Structure formats: structure tokens, C-alpha cells
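Each reported figure results from applying straightforward, stated rules to the coordinates on display, with no laboratory input. Since this is a predicted model, take the numbers as computed values, not measurements. No Cβ is skipped: glycine too gets one built from the backbone with ideal geometry, and neighbour counts run over all protein chains shown.
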Amino acid sequence: MFSRVAASSVRIAARGTRSAATFTTEGVKGNDFKALRDATKAHAGETSDLWRKIREANGGELPERPVYPYMNIRNKPFPWGQQSLFFNPEVNITVGEE
């Protein structure tokens with residue numbers, strides 16, 4: 001019984017991985033593949049330019065982040081303090097002492 005379930009699970013996982021690996025280029029041949037690749041590169045360049053313009057419009061600084069009541073809920077204190085284990089003061093908002 002267990003071996004049948006394990007074998008079917010492996011088949012399902014392998015089927016999902018195979019279909020995900022061939023999703024974007026399946027059936028695309030020759031010049032179509034090159035056109036798809038060029039379109040992807042152009043989109044990436046346009047997106048990068050957009051974010052560069054957004055960053056320059058703000059003077060290179062991120063806007064102040066709002067603090068909502070549901071953010072950083074601590075029901076039980078961490079053994080190492082109030083902040084999470086991977087806390088970075090340059091990116092994360094500090095949790096207020098309550």
C-alpha cells in the first residue's frame with residue numbers, strides 16, 4: 001500500500017516538473033524562439049528603465065513606509081529579542097516596544 005502511494009507521488013512530482021520546465025518554449029522553433037527571446041530582453045530593458053526613473057524621481061530614497069496594526073504582531077517573544085532573526089535595520093521596520 002505504502003509503495004503504491006509513494007510511487008504515484010513520485011510520478012505526479014515528475015510530471016509537474018517536466019511540464020514546468022518546458023512551459024515557455026514548448027513548440028517554439030527557429031526564428032519564433034529568437035523573436036520571443038528578443039521580446040523578453042526588450043521588456044526587461046523597459047522595466048529596468050521604468051524603475052530607474054521612479055528611483056530618480058524620489059531622489060534615490062524610498063518613501064516612508066506606513067505602520068499598520070497588523071504588521072509585526074508578536075504573540076510570543078523571541079528568545080533573542082523583539083526583532084526577527086534576520087532583522088536588517090536598513091530595510092525592516094522596527095517593532096515598537098509594548
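Net length available on complete extension from ASP32 to ARG74 is 9.9 nm, with 0.36 nm assigned per residue and the Cα-Cα distance removed. Placing dummy labels 7 Å off each Cα toward the beta-carbon, the span from GLU61 to PHE86 is 2.8 nm.
Just so you know, the Rg over Rh for the range 51-98 is 1.10, from Cα atoms, with Rh as the Kirkwood radius.
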